[in-house]
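Visitor: Sending over a structure as structure tokens; questions will come in a sec.
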Amino acid sequence: MQEIITTAPWGALMVVIPLAAAAASYLFPWRSALMAASAIAFPAAFYSLALLARDVWVSGAVRYRIGGWGSPLGIDLFADGLSILMLFMTIVVVMAASIYSSFYFSGDVERKRSFWPLWMFLWAGLNGVFLSGDVFNLYVTLEVMVIASVALISLKGGREALLSGMRYFLVSVLGSLSYLMGVAMLYGSYGILDIGALGRTIGPDPAAQIAIVLIVTGLLAKTALFPLHFWLPKAHASAPVPVSAALSALVVKAPFYIILRLWTDVFSHDIISHAGLMLGVLGSVAIIWGGVMALRQTRLKMLVAYSTVSQIGYLFLFFPMAGSSDAFLGCVYQALSHGLAKASMFLAAGNLIKALGSDLIEDLRGLRQRLNISTFAFGLAGISLMGLPPGAGFIAKWQLLKASIETGQWWWAIIIVAGGLLAAGYLFPVLRNIISQSQDPVECAKVPFGMEAAAIVLAVLSLVLGIAAAVPLSLFRTALL
Amino acid sequence: MTQEIIYSIGGVLLFCIGLYGLIACEHLFRKILSFNIMGGGVFLFLVSIALNGDNTPDPVPHAMVLTGIVVTVSATAFALALLRRINSGTGAETLGRLEQDASDLDG
């Protein structure tokens, strides 16, 4: 893979802009100031990302040395096709959820005041993860992300939110320290932190094996792969709606991105045999278990959260088939399509719950004022999650199916299809309830248009990502292969 | 040489003690203390790596430890604030208690 060192600061700006926006929204928490800050921050970030994407498109991979200091003491930012796609997903979801939040928190001055700085810190942490070029910097950015997201979960107050925030925090800290211990061991053996350089020197010795087990286990706890998923459903269900969307769509993807990055760039020598197979098995159990648990939920947000447990499972089917480029594309596509579709589904579910004043799936029958846009968004996102064409989830699952046939591991195909059927099983009853006419309709609260628009835009994008799959896929073909 | 090994083993032991405490202790304050012990173990391990026999220690692990301490201090401060909020709001000091109360409220 070719790589150039750039002096254009586009990658650094992707971290600086959210941090500046966080500071600005803390110092000037008035509505007009917030509008001005986001009117500057989002276009500026989009512009930097576009230029960064152009550089990656032209030269394969881009490295930027912050302050001109090279590794090991300096910090390198690194971007390739994978980082660019994750950054695009992040900015799109963050923008849509920001629009949603500006309506969601209106009238709640105190929460709004704490929400915006934390939200921007979360965005900065996510961008930092996707741009880090060394394993230690990844630890720091992960911690920024975790503290911001735990604070956002607990924002709502109340036992449920505090409890799940605290539990998520403890699991995350455990994961982070386990990861850091692994990094320390790698540094002790090889004296390198840079991901690319580590990949060239690492060998199958015991220290590296222990380090990899510590790193991967720590990250699995943060990604919520079965059986370490126990903290996820309640944390994602009890957070404020836009936060749930970001947590499910983005925050669990960041540690997964690190596993994927290390697996393809560093652990490529098959240092631990059968580790890939084990991750594949855990992923399969997650797909089935998450699906079955989602079927049994009576509350809408819990159902959507358990669906995340199931959809995360698909990501891990890549590891047993790691040699196949189809599996890689399928896995990345799954991360992107789930990101857009699940964010849209959480926002749409939030609208339905706001209209009804209840989050029981049973009560959806009483929905008088139809909320056509949100219902449509929920349906479109569902199409992608079930893996039906033309949703982006279809491309992801199709690539994974293709890979499982090509590599002769047909048993994963059964899991992929079963997971799709389960998704249909838990999503159709919800849609049926929304659409069906009730005997005694209840009074519904009004939902602002902006909140519905945010949901539908993400749902449509998840469809566009499925139809125009050629563009992101070719970014990979030029960048990675 | 022996000094390095003693520090490394000490670091790994602290890490394991902290890990045990984080999983086994019920009280949230003990859990917060435990992850600090875990962190201390990692930092001691990193410092032992920096001693490479020469008179000039490797600066990179030192930089990592300093950064790590900053991160751990902020995480601890945040966890303590969250614990205070939990305790003043609900009177609970363990996750089990809090969960029980939450399900009582549901039922």
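Visitor: Which residue is nearest to residue B:46 (Cα to Cα), if the candidates are limited to the stretch B:74-86 and must be facing another protein chain (nearest Cβ under 7 Å) and over 12 Å from the mean Cα position of the chain (by Cα)?
Guide: B:78
Visitor: Which residue pairs have Cβ atoms under 7 Å apart, sit 6 or more places apart or on different chains, and have a first residue in the stretch A:359-379 that is modelled with pLDDT of 85 or more and a second that is surrounded by 19 or more Cβ atoms within 10 Å (Cβ to Cβ) and of a type in the set (D, E, K, R)?
Guide: Partner pairs satisfying both residue conditions: A:359/A:301; A:373/A:452; A:374/A:452.
Visitor: How many residues are more than 19 Å from residue A:283 (Cβ to Cβ) and of a type in the set (A, V, I, L, M) if we restrict to the stretch A:324-351?
Guide: Within the stretch A:324-351, residues that are more than 19 Å from residue A:283 (Cβ to Cβ) and of a type in the set (A, V, I, L, M) number 6.
Visitor: Do you know which of the residues in the stretch B:9-23 that are within 11 Å of another protein chain (Cβ to nearest Cβ) and among the β-branched types (Val, Ile, Thr) is least open to solvent (accessible area, probe 1.4 Å)?
Guide: Residue satisfying both the conditions and the ranking: B:12.
Visitor: Now for a different question. Just give me the residues in the stretch B:24-62 being at the interface with another protein chain (Cβ under 8 Å from one of its Cβ atoms), part of a helix (DSSP H, G or I), open to solvent by 20 Å² or more (accessible area, probe 1.4 Å) and not basic (Lys, Arg), in sequence order.
Guide: Passing the criteria: B:45, B:49, B:59.
Visitor: I'd like the residue in the stretch A:166-203 that is more than 9 Å from chain B (Cβ to nearest Cβ) and without any contact (Cβ under 8 Å) to a residue 12 or more places away in the chain and, out of all such residues, is most open to solvent (accessible area, probe 1.4 Å).
Guide: Ranking the candidates gives A:200 first.
Visitor: Please identify the pairs in which a residue from the stretch A:411-424 that is touching a residue at least 24 places away in the same chain (Cβ under 8 Å) and closer than 12 Å to residue A:386 by Cβ has its Cβ atom under 9 Å from the Cβ atom of a residue that is of a type outside the set (Val, Ile, Thr) and open to solvent by 30 Å² or more (accessible area, probe 1.4 Å), counting only partners at least 6 apart or on another chain.
Guide: A:416/A:401; A:420/A:388; A:422/A:295; A:424/A:388
Visitor: Further, regarding this structure: Return yes or no: is residue A:316 open to solvent by 10 Å² or more (accessible area, probe 1.4 Å), within 20 Å of the chain's Cα centre (by Cα) and in contact (Cβ under 8 Å) with a residue 12 or more places away in the chain? Quick ask: steps written out before the conclusion?
Guide: Details: open to solvent by 10 Å² or more (accessible area, probe 1.4 Å): no; within 20 Å of the chain's Cα centre (by Cα): yes; in contact (Cβ under 8 Å) with a residue 12 or more places away in the chain: yes.
No: the conditions fail for residue A:316.
Visitor: If a residue has to be among the hydrophobic types (A, V, I, L, M, F, W, C) and assigned to a loop (DSSP other than H, G, I, E, B) to count, how many in the stretch A:86-115 make the cut?
Guide: Within the stretch A:86-115, the subset among the hydrophobic types (A, V, I, L, M, F, W, C) is A:86-89, A:91-97, A:99, A:103, A:105, A:109, A:115.
Adding the requirement that they be assigned to a loop (DSSP other than H, G, I, E, B) leaves A:105.
Number of matching residues: 1.
Visitor: So, one more: Between A:224, A:207, A:237, A:211, which is surrounded by fewer than 21 Cβ atoms within 10 Å (Cβ to Cβ) and among the aliphatic types (A, V, I, L, M)? Explain how you work it out, then say what you get.
Guide: On the way: A:224 fails: surrounded by fewer than 21 Cβ atoms within 10 Å (Cβ to Cβ); A:237 fails: surrounded by fewer than 21 Cβ atoms within 10 Å (Cβ to Cβ); A:211 fails: surrounded by fewer than 21 Cβ atoms within 10 Å (Cβ to Cβ).
Every option except A:207 fails the conditions.
Visitor: Could you grab the pairs with beta carbons closer than 7 Å, sequence gap of 6+ or different chains, first residue in the stretch B:80-105 and closer than 19 Å to residue A:234 by Cα, second one surrounded by 12 or more Cβ atoms within 10 Å (Cβ to Cβ) and modelled with pLDDT under 75?
Guide: From residues that are closer than 19 Å to residue A:234 by Cα, the pairs are B:86/B:98; B:90/B:98; B:90/B:101; B:92/B:98; B:92/B:101.
Visitor: Here are some conditions: (1) modelled with pLDDT under 90; (2) within 30 Å of residue A:447 (Cα to Cα); (3) surrounded by 22 or more Cβ atoms within 10 Å (Cβ to Cβ). Residue A:107 meets all but one. Which one does it not meet?
Guide: The one condition residue A:107 does not meet is (3).
Visitor: Looking at the stretch A:233-267, which of the residues that are polar (S, T, N, Q) and under 17 Å from residue A:166 (Cα atoms) is modelled with the lowest pLDDT?
Guide: Just the residues of the stretch A:233-267 that are polar (S, T, N, Q), to begin with: A:238, A:244, A:248, A:264.
Next cut, under 17 Å from residue A:166 (Cα atoms) only: A:238, A:244.
On the way: A:238: 90, A:244: 95.
Here the answer is A:238.
Visitor: Can I ask one more? Exactly one condition in (1) under 23 Å from the mean Cα position of the chain (by Cα); (2) within 11 Å of chain B (Cβ to nearest Cβ) is not met by residue A:97; state its number.
Guide: Going through (1) under 23 Å from the mean Cα position of the chain (by Cα); (2) within 11 Å of chain B (Cβ to nearest Cβ) one by one, residue A:97 breaks only (2).
Visitor: For residue B:71, state whether it is part of a helix (DSSP H, G or I), touching an Asp or Glu at 6+ places or on another chain (Cβ under 6 Å) and either facing another protein chain (nearest Cβ under 8 Å) or at pLDDT 95 or above (or both). Give the derivation first.
Guide: Numbers: part of a helix (DSSP H, G or I): yes; touching an Asp or Glu at 6+ places or on another chain (Cβ under 6 Å): yes; either facing another protein chain (nearest Cβ under 8 Å) or at pLDDT 95 or above (or both): yes.
Yes: the conditions hold for residue B:71.
The values are calculated or read from the model by the stated rules, or taken from the named source; none is laboratory data. Since we're looking at a predicted model, the values are computed, not measured. Heads up, the Cβs are rebuilt from the backbone with ideal geometry, glycines too, and the neighbour counts pull from every protein chain shown. All accessible areas refer to the heavy atoms of the entire protein, side chains included, with ligands and DNA or RNA removed. Shrake-Rupley method; radii C 1.70, N 1.55, O 1.52, S 1.80 Å.
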